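Everything on this sheet refers to the single structure shown next.
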Amino acid sequence: MNWIWLLFLLLFVAWLPRYGLLALYQDWRSARQRELVEDALKHLLDREQSARHASPESLAGILNLPRVKVTRLITDMESQNLLETRGAELHLTAEGERWAMHIVRAHRLWERYLADEARMPLNKIHNEAQRREHSFTDAQLDELSAALGYPTRDPHGDPIPSREGKMPFVEITPVTAWQNDVLARIVHIEDEPAIAYEQILAAGLRLGQTIRIIERTPRRIVLSDGETEYRLAPTVAANVSVAPLPSSEVAKAHAIPLASLTRDQRGEIVQLDEAVQGFTRRRFLDLGLTPGTVIYPELGNFFGDPRAYRVRGTLIALRKDQAAQIWVKPV
Amino acid sequence: MEANKILAKAETLRGTLSTGFRDEIVKSLYSEAEAIARRAVKPVEGKRYDFDQKIDRLVTSPIAGLPIMLILLGIIIWLTVSGANVASIALADVLFAVGDWGRALFVQIGAPWWITGFIWDGVYLALAWVVSVMLPPMAIFFPAFTFLEDLGYLPRVAFNLDWLFKKAGAHGKQSLTMAMGFGCNAAGVIATRVIDSPRERLIAILTNNFVPCNGRFPTLIMIATVFVAAAFSPALTSFIAAGTVVGVVLIGIGFTFLMSWLLSRTVLKGEASAFTLELPPYRRPNIARILYTSILDRTIFVLWRAMQTAAPAGAIIWILANITVGDSNLARVIADWLNPFGLLLGLDGVILLAYIIAIPANEIVVPTMMMVYMGTGTMINGPGTSAGIFDLLVNGNGWTMLTAVNLMLFALLHNPCATTILTIYRETKSYKWTVISVLITLGTAFLVTFLTASFARLMGWV
């Protein structure tokens with residue numbers, strides 16, 4: 001008789017609504033499925049933003065799934081009207097793009113939070129945010145954004161989309177229309193026509209590079225990143241777009257970190273590093289470490305760390321890592 | 001409707017703000033403050049920081065810095081332990097005399113024996129014990145500590161030691177809360193308010209208990225004197241005992257770092273938050289204020305909390321010792337029942353029982369142990385001499401060197417007293433962290449004593 005009761009108990013454990021093993025498994029399955037869909041959407045968006053298109057192969061690579069499962073995933077997503085296939089290319093639909101933007105927003109807001117408030121090391125935040133970005137509503141993200149002071153960029157400098165799925169507006173200029181000798185960052189490289197794209201890549205230019213124009217003639221444009229010179233024909237160079245550096249980057253170019261100020265030097269604070277946000281930045285500002293303040297090291301420690309600085313008449317000790325985030329110019 | 005329009009407008013304008021606008025706000029606040037200060041405050045001509053700088057160079061120098069720190073800490077602890085000893089005995093004499101007088105009065109008016117016993121041998125005795133053991137050391141330690149604080153020396157200690165704490169993922173100011181813990185762990189936990197970053201503050205709170213407080217020193221000193229120092233010549237006794245206690249304290253500090261390191265890499269993972277430490281100019285200490293803050297804010301405050309928890313503990317101890325079960329009392333029965341577990345940890349049932357009823361105040365651990373060992377109905381000091389205590393524990397109750405060592409380790413590592421637990425809850429406002437603070441310390445104590453006991457048995461030492 002006992003085994004019947006045992007069987008009954010087993011069935012009960014398995015089929016109990018909501019908390020049974022089967023129900024838990026289904027919950028897990030659907031959460032996993034949702035994560036897969038969202039990761040796929042992110043990949044598609046990522047590809048579209050760099051003006052390439054995703055393919056089933058690239059998707060299989062990024063999700064680390066066998067081709068059969070990827071094919072099934074693509075069919076699923078097509079039926080949900082999230083993407084459409086054009087030949088071998090996968091394109092996001094408007095609905096798919098909206099959802100993808102939502103995930104990107106969740107990811108970058110979480111990165112901001114983890115870096116600023118939870119003080120997690122920068123190389124750890126991406127994976128942690130990857131785990132947390134799923135399962136948040138728009139309203140929850142609005143709350144998070146408000147609590148963080150409406151950040152516009154994540155800790156890596158990438159823009160955080162708004163609730164409506166718009167990226168903060170960045171004005172881009174073809175490099176041919178840029179002034180000589182003014183620093184700029186490459187924000188876009190046009191991949192059509194392919195022959196020009198090939199030449200740009202062959203010259204060694206890449207996205208995110210900081211460059212300036214050092215020579216411009218009707219025959220060629222010479223760019224420099226401070227070490228290497230890149231020569232392009234003006235027609236080719238027109239496919240490279242740049243944007244002004246954030247003012248913080250410009251200011252940093254002529255400053256040194258406080259930590260490398262020597263004992264007999266005095267410095268004037270230029271700015272606090274962009275990487276310092278949230279709690280730490282508030283603390284620095286509270287102590288009077290504002291731009292324009294004169295500061296100089298006064299007391300060393302026999303272990304080299306921390307060091308005490310005289311600022312506004314008071315003596316404040318800072319660790320090397322903190323002092324490296326305060327940019328000063330020697331005076 | 002208007003409000004919504006304004007909000008919507010603000011929403012669109014927010015996007016156009018530059019990232020540094022908060023910095024600009026603070027900057028303008030500071031320049032406004034500077035302008036006001038320039039109008040109102042006249043700087044003394046030629047005032048420089050030369051003298052302060054000289055002292056700073058000295059106390060943070062590689063050769064003099066560490067010795068100065070250790071000597072100062074040594075002086076404070078020596079003052080506390082030796083000075084408190086005399087005062088404690090005098091205070092105990094007075095308070096116990098009052099107890100005898102009260103008991104006599106109750107007997108005279110014909111109160112039943114159990115009322116007399118409960119009130120005078122239970123509640124009052126525990127209170128008198130806690131006050132006489134706790135008050136003198138705190139009344140010496142806290143003013144001495146506050147003196148260094150007022151002088152402006154303490155932040156320099158944090159400055160000197162920060163590199164060590166940084167390695168453990170903690171904050172340099174934790175050195176100050178640890179030093180405060182020598183006086184009282186509850187006061188140490190309150191002192192963590194000086195650490196402004198939440199993560200590092202929590203680490204300091206959770207590990208503060210690994211520094212033995214005044215209440216635990218008597219136990220350590222007793223064991224060190226009776227067991228360790230007895231093996232050496234009488235002339236060396238006090239030195240060996242002091243050395244042993246210092247050794248135990250160092251083990252505790254070692255556990256503080258180890259646990260800080262573990263916490264900052266597991267549950268409290270994260271990068272070191274802003275380390276900012278103000279080094280104020282040296283000031284002439286204000287003696288009146290020192291006495292006021294250290295006696296009222298710290299000593300009386302802590303003592304009051306301890307008395308609140310000691311009174312019920314005294315009642316429980318008296319009940320346990322005076323309810324007879326068969327031919328022994330309830331305390332003995334519980335101790336026998338706890339014995340197998342105690343032996344596993346290299347301790348015994350009586351020690352565990354003493355630690356359970358002494359959760360309110362560690363000061364009464366030794367008297368409770370003595371009470372159970374000697375089968376009396378009230379807490380007592382035990383035999384008057386070291387040799388007498390040695391005889392009672394070793395020959396009468398089967399103690400070995402392992403019991404002595406493990407008791408010292410257990411006294412160092414075990415859970416915080418009730419006052420400290422309560423304080424941890426008040427400071428963290430979280431049941432979770434309060435429970436964790438108890439589990440961490442108790443778990444460490446069990447684990448370490450179990451390992452030493454097993455190791456000693458494996459090597460055939462006991």
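A few points about this structure:
- Distance histogram in 5 Å bins (all Cα pairs of the stretch B:310-462, percent per bin): 2, 9, 16, 20, 19, 16, 10, 5, 2, 0
- Cut-off under 5 Å, modelled amide H: who pairs with residue A:153 long-range: A:160
- Out-of-range pairs (alpha-carbon distance over 31 Å; input A:320/B:54; A:166/A:329; A:124/B:167; A:329/B:54; A:124/A:166): A:166/A:329
- Calculated diffusion of the stretch B:1-158, Stokes-Einstein form, Kirkwood radius summed over Cα pairs, 10 °C and 1.306 mPa s, µm²/s: 68
- Annotation: amide H of residue A:83 within the under-5 Å range of A:78, A:93, sequence separation 5 or more or interchain, hydrogens built in the peptide plane.
- With the alpha-carbon atoms of chain A aligned to their principal axes, the span from lowest to highest coordinate is 90, 58, 34 Å, starting with the largest.
- Neighbourhood charge, 12 Å Cβ-Cβ cut-off, centred on residue B:205 and excluding it, Lys, Arg +1 and Asp, Glu -1: +3
- Relative contact order [Cα under 8 Å, 6+ residues apart], chain A, whole percent: 11
- Overall dimensions of the stretch A:1-115, expressed as equivalent-ellipsoid semi-axes from the Cα gyration tensor (√(5λ), whole Å, largest first), are 38, 18, 12.
- Qualifying trypsin sites (Lys or Arg not before Pro) in the stretch A:247-331, DSSP loop, other Cβ atoms within 10 Å at most 12: A:263
- Taking every Cα-Cα distance in the stretch B:366-418 and sorting them into 10 Å bins starting at zero, the pair-distance distribution P(r) comes out as 23, 49, 27, 1 percent.
- Counting every alpha-carbon pair across the stretch A:173-245, the share separated by more than 21 Å comes to 11%.
- Its Kirkwood hydrodynamic radius, worked out from the mean inverse distance over all distinct Cα pairs, puts the stretch A:251-330 at 12.4 Å.
- Within the straight-line cut-off of under 16 Å between alpha carbons, the aspartates and glutamates reachable from residue B:173 are A:305, B:149, B:150, B:162, B:196, B:200, B:278, sequence neighbours fewer than 8 places apart in one chain being disregarded.
- The Cβ shell under 12 Å around residue A:77 holds other residues with a net charge of -4, Lys and Arg each +1, Asp and Glu each -1.
- 0 to 90° range, to nearest 10: angle between helix B:154-167 axis and chain B longest Cα axis: 90
- Couplings for the stretch B:360-377, taken from phi via the Karplus curve 6.51 cos²θ - 1.76 cosθ + 1.60 with θ = phi - 60°, read x, 7, 5, 4, 9, 4, 5, x, 5, 4, 4, 4, 5, 4, 8, x, 8, x Hz in order; Gly and Pro are left as x.
- Computed over the alpha-carbon atoms, the stretch A:89-156 gives an Rg to Rh ratio of 1.01, Rh here being the Kirkwood radius from the mean inverse distance.
- Solvent-accessible surface (1.4 angstrom probe) belonging to residue A:197, in square angstrom, nearest 10: 50
- The equivalent ellipsoid of the stretch B:129-211 has semi-axes of 23, 15, 9 Å, largest first, where each one is the square root of 5 times an eigenvalue of the Cα gyration tensor.
- Unit Cα scatterers, Debye sum, the protein assembly as shown: log10 I(q)/I(0) for q = 0.08 Å⁻¹: -0.91
- Taking Cα atoms only, the orientation of helix B:431-458 departs from the longest principal axis of chain B by about 50 degrees.
- Counting only alpha carbon atoms, the long axis of helix B:2-14 and the longest principal axis of chain B meet at about 80°.
- In this structure the amide hydrogen of residue A:298, modeled in the peptide plane, comes within under 5 Å of the amide hydrogens of A:308, A:309, A:310, none closer than 5 places in sequence on its chain.
- Remark: accessible surface ordering of B:379, B:459 (largest first) is B:459, B:379, probe radius 1.4 Å.
- For the stretch B:408-450, the ratio of Cα radius of gyration to the globular rule of thumb 2.2 N^0.38 Å stands at 1.18.
- Three-way shape label, the stretch B:267-320, alpha-carbon gyration tensor, a/c 1.5: oblate
- Shown for chain A are the DSSP H helices of 15 Å or more along their axis, judged by Cα atoms, with a mean Kyte-Doolittle hydropathy of at least -0.5: A:2-15, A:67-79.
- Computed over every Cα-Cα pair of chain B and binned at 20 Å starting from 0, the pair-distance distribution P(r) comes out as 21, 49, 21, 8, 1 percent.
- For the stretch A:161-300, alpha-carbon Rg and Dmax in angstrom: 19.8, 60
The values are calculated or read from the model by the stated rules, or taken from the named source; none is laboratory data. Remember, predicted model here, so these are calculated numbers, not experimental data. In this analysis, Cβ positions are derived from the backbone assuming ideal geometry, glycine residues included, and neighbour counts consider all displayed protein chains. Just the protein is used for accessible areas: all its heavy atoms, side chains included, with ligands, DNA and RNA removed. Shrake-Rupley method; radii C 1.70, N 1.55, O 1.52, S 1.80 Å.
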